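First the structure, in the form of structure tokens, and then the observations on it.
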Amino acid sequence: PVAATSVLDYEVFKTRVLPILTSARKGNARCSACHTRGGNAYLEPLPQGSGYTEEQSRRNFERVSRLVVPGDPLKSVLLINPLDTEAGGGHWHGGGKHWHSQNDPEWQALAAWVRGS
């Protein structure tokens, strides 16, 4: 099988995807608030008062890439777990549903990365 990281663009991840995963959310916690520790950790802890180093960003890319099926956003845990079930999302996400539609700009940005566009 082809490794997911071979078709996913690191620069797009670093500049468009990672900011979504670390941004504050009205009504919900940042993705990084829950996903930097425990069994569901796929992000490095965010350094207090600063952003990720290049090395941390690369590790985040490798980990987050495991949560997607390149080319298929609707088979990618990263996109379906925080998406409302009525919009095609999964039934469970402990951090709440961040996107109520596949038309949400953040969801679209993540889907574009997964599609390689």
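The values are calculated or read from the model by the stated rules, or taken from the named source; none is laboratory data. Computed from a prediction, not measured in an experiment: that's the story for all the values here. No Cβ is skipped: glycine too gets one built from the backbone with ideal geometry, and neighbour counts run over all protein chains shown. Ligands, DNA and RNA are excluded from the accessible area calculation, which covers all protein heavy atoms including side chains. Shrake-Rupley method; radii C 1.70, N 1.55, O 1.52, S 1.80 Å.
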**Prompt:** Measuring with a 1.4 Å probe in the full set of protein chains, what accessible area per residue, in whole Å², belongs to the range 52-117?
**Reply:** 52
**Prompt:** Simple spin-label model, 7 Å along Cα-to-Cβ: Thr15 to Ser117 in nm?
**Reply:** 1.9
